[in-house]
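To keep things clear, I will list the structure first and then write my remarks on it.
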Amino acid sequence: MASPNLRGVRVLVTGSTDGLGLAMAEALVAAGAVVAINGRRSERVEETVARLGGPASGVHPVPFDVRDETAVANGVGVAVAALGGLDVLVNNAGIGMRTVNPRFIADPQPFWEVSPEGFRAVVDTNLTGYFLVARAAVGPLQASPSGRIVNVSMNHATMRRQGFVPYGPSRAGAEALSLIMTADLAEAGVAVNMLLPGGATATGMVPDGVDEAARARLLQPSVMGPPIVWLCSPQAEGVRGERIVAAEFDDWLAARG
């Protein structure tokens, strides 16, 4: 199937200076979308914007911390002004288990050994951040002829795995939030869907101590490209409340007929 043309589609991708976010931003820009690049560090955001061609290519810097309510409101406003509106929000900004336990696979940490500060940092980013950015973006998305939200998630096994507090609960919460958002926005013309890689990916979230054989089996972040482009395209009109696994996207799409 030919890649959809996203010419003129306006997208904000949070956490898009590396990893899955960067891979999605690259795919969106290549498909013709105008994209707001987000991250906490202004210099990283500017570097990414330059790498993707800059404002002349429809790529704009929007640095803000998704955990900060005021910064989010201001940042979404800047994105809307730069893009001339907003058609799609991709909630992707997140932090992983490495922040609380760098050896979370080889040496899983029980929940009672996780610091409250570490727990809050992950939940504030991976769950509260999704809420804050979506909350700020709802107005502009409702003004779009085809407003959409894509919330990035992870495998259900990750949400139940030993030693995965607080990452697992943060992702489980984001999925519950996505389903409620779908219901809340059912009459508002804004579609909400979830997208997940379908396995561990070769990003900075990979823990220390993973051997080379295991690293070779990791999914590449580019697996997120085709489904995010499709979800932002006219072909996805009317699709809502779906949980799409990127690694299985071709089969999922074929099953839709």
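The values are calculated or read from the model by the stated rules, or taken from the named source; none is laboratory data. This structure is a prediction, so every number in the text was calculated from the model and none was measured. Because the Cβ atoms are built from the backbone with ideal geometry, glycine has one as well, and the counts that use them run over all protein chains shown.
Side notes on the structure shown:
- Looking only at the range 1-24, and only at residues there that are hydrophobic (A, V, I, L, M, F, W, C) and farther than 15 Å from LEU196 by Cα, the one that is surrounded by the most Cβ atoms within 10 Å (Cβ to Cβ): LEU12
- Of the criteria (1) under 17 Å from ALA136 (Cβ atoms); (2) of a type outside the set (Lys, Arg); (3) more than 18 Å from the chain's Cα centre (by Cα), which one ASP65 fails: (3)
- Any hit, the range 67-89, residues being out of contact with any Gly (no Cβ under 8 Å at 6 or more places or on another chain) and under 25 Å from VAL245 (Cβ atoms): yes
- Candidates VAL88, VAL72, filtered to the one that is crowded, with 22+ Cβ neighbours inside 10 Å, modelled with pLDDT of 95 or more and either in contact with a Ser or Thr (Cβ under 8 Å, 6 or more places away or on another chain) or closer than 16 Å to LEU28 by Cα (or both): VAL88
- Every condition in (1) in contact with a helix residue (DSSP H, G or I) (Cβ under 9 Å, 6 or more places away or on another chain); (2) touching a residue at least 24 places away in the same chain (Cβ under 8 Å) holds for THR99 except the one numbered (2).
- Within the range 34-50, being of a type outside the set (Gly, Ala, Ser), in contact (Cβ under 8 Å) with a residue 12 or more places away in the chain and in a helix (DSSP H, G or I) holds for ARG44, VAL45, GLU46, GLU47, THR48, VAL49.
- The residues of the range 110-149 that are closer than 20 Å to ARG161 by Cβ and exposed (fewer than 13 other Cβ atoms within 10 Å of the Cβ), listed by number, are PRO110, TRP112, GLU113, SER115.
- Some residue of the range 147-165 being out of contact with any strand residue (DSSP E or B) (no Cβ under 8 Å at 6 or more places or on another chain), of a type in the set (Lys, Arg) and within 30 Å of TRP112 (Cα to Cα): yes
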